[in-house]
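Notes to accompany the following structure.
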Amino acid sequence: MMTRSSSSVLSLLLLGSVSADAFSVHAHKVQNECRRMRSSSSSSVGASASSTQQLGTACSDREGGGSGGEAPLKFAIIGHNIAYSVSPAMHNAAYESLNMPHSYRLIDEESVDDIVSSAFWSDDDFRGISVTIPHKQSIMPHLDELSDAAETIGAVNTVIVDKSADGDIGEEGRTLRGDNTDWIGIYNPLKSRLGGDVKGGAALILGAGGTARAAAYAAAQLGLERMYYNRTPSKAQELADAFGGIVVTDLSGPSSGDSSDGKTLGDVCKELDTTVRVVLSTLPAAAGFELPEWLAANKSTIVFDVNYKPYWTPLLRQAEAAGLDVVRGSEMLWEQGARQFELWLQQDAPYEVMKKVVLENCLPKDDD
């Protein structure tokens, strides 16, 4: 049975008597009420089919996408040579599943200047973008604010267009906020696997680019020690300086102690009385990287490869064959994408829908 307050909200929704300004102010409250009403009406023995149908239609309209809903908003992913991106399929499926009229497109431009001078960038309905290579740093000067994560990582993969009255207002009556959800895409899968069991554990981070910075940030948030390995040690040292940790130049196991080439990864682990719990590879799949045998033999190691295409990299094949727990870049993709959805639209993302679309696009076909 509906409560008096629920009935009042439903009446307002059905009659369309909530003004545009009032609805904007109370949108989040109404959305929560709709969710609660759906739950109670679906489980109530006395709920009639007609009232349930009216409720679904009214809430759908007010939450977005119905005949009385909000105007279509525009989102996109920007980058260069990104025809492979699964993000448009993932985000558009999310909007469709919630009956939202929004759209998400792919914008492939070599220069970020061409993007920020485009009609899309100045469109009144533009509300956000995903940012990928090579624009994660070059987009930053064009933004009004940065989140703590984006500032610390030194890269932006998410831009939120804020047209509210709160905060500093930038050009065209809006504030462009830069954030980074890449680290969330790394943090969430590892947190679910590690739980609270990170005492004495370390993360070995392979590579030294922008994603490696997000990996280092995520590892620090998880409470893992950080170790860095890159073919250019000076680049790895930049990560150690920024996020703390140690650079290793040799991934061999413990040495005899008389090596003239310095400490190996095994030496460092022994010295710090730690083990590598997570291997975070941000290397391109084409690098063909594989773990040294002694490290692959540790069954408690989690191997995280940020590549989501191809589905199998040499590292992942090796880890799977060794019986190690693996995390693919596809999981990182839907985790960070779900967070982007929430930042843009201020409501829960349809997580399972986004996950399903990513897997459909990333799983190898039978004839591959």
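Could you tell me whether the stretch 62-152 comes out rounded, prolate or oblate from its Cα gyration tensor? Rule is a ≥ b ≥ c as square roots of the eigenvalues, rounded for a/c under 1.5, then prolate if a/b exceeds b/c, otherwise oblate. Don't skip to the answer; put the middle values down first.
Values: a/c = 1.88, a/b = 1.63, b/c = 1.16.
Prolate, since a/c reaches 1.5 and a/b exceeds b/c.
Within the stretch 74-228, how many Lys pairs that are eight or more residues apart, or on different chains, come under 26 Å at the alpha-carbon?
Numbers: K74/K136; K74/K163; K136/K163; K136/K191; K191/K199.
Total qualifying Lys-Lys pairs in the stretch 74-228 comes to 5.
Remark: relative contact order (the stretch 223-364) = 14 percent; criterion is Cα-Cα distance under 8 angstrom and separation of 6 or more residues. Full extension of the segment from D325 to K309, taken as 0.36 nm per residue of separation minus the current Cα-Cα distance, would add 3.9 nm.
Note down the net charge around T313, summing +1 for each Lys or Arg and -1 for each Asp or Glu among other residues with Cβ under 10 Å from its Cβ.
Values: positive: K309, R317, R328; negative: E290, D305.
In short, +1.
Nearest 20 debye, what's the magnitude of the dipole of the stretch 223-368 about its Cα centre given +1 on Lys and Arg Cβ and -1 on Asp and Glu Cβ? With only Lys, Arg, Asp and Glu charged at Cβ, the dipole is about 140 debye. Ligands, DNA and RNA aside, S85 has an accessible area near 20 Å² when probed at 1.4 Å. Once the 1.4 Å probe is applied to the protein heavy atoms, the stretch 247-368 comes out at 49 Å² accessible per residue.
The values are calculated or read from the model by the stated rules, or taken from the named source; none is laboratory data. No experiment lies behind these values; they were computed from the predicted model shown. So basically every Cβ, Gly included, is an ideal-geometry build from the backbone, and we count neighbours across all protein chains shown. The area values use the complete protein model at the heavy-atom level, side chains included, leaving out ligands, DNA and RNA. Shrake-Rupley method; radii C 1.70, N 1.55, O 1.52, S 1.80 Å.
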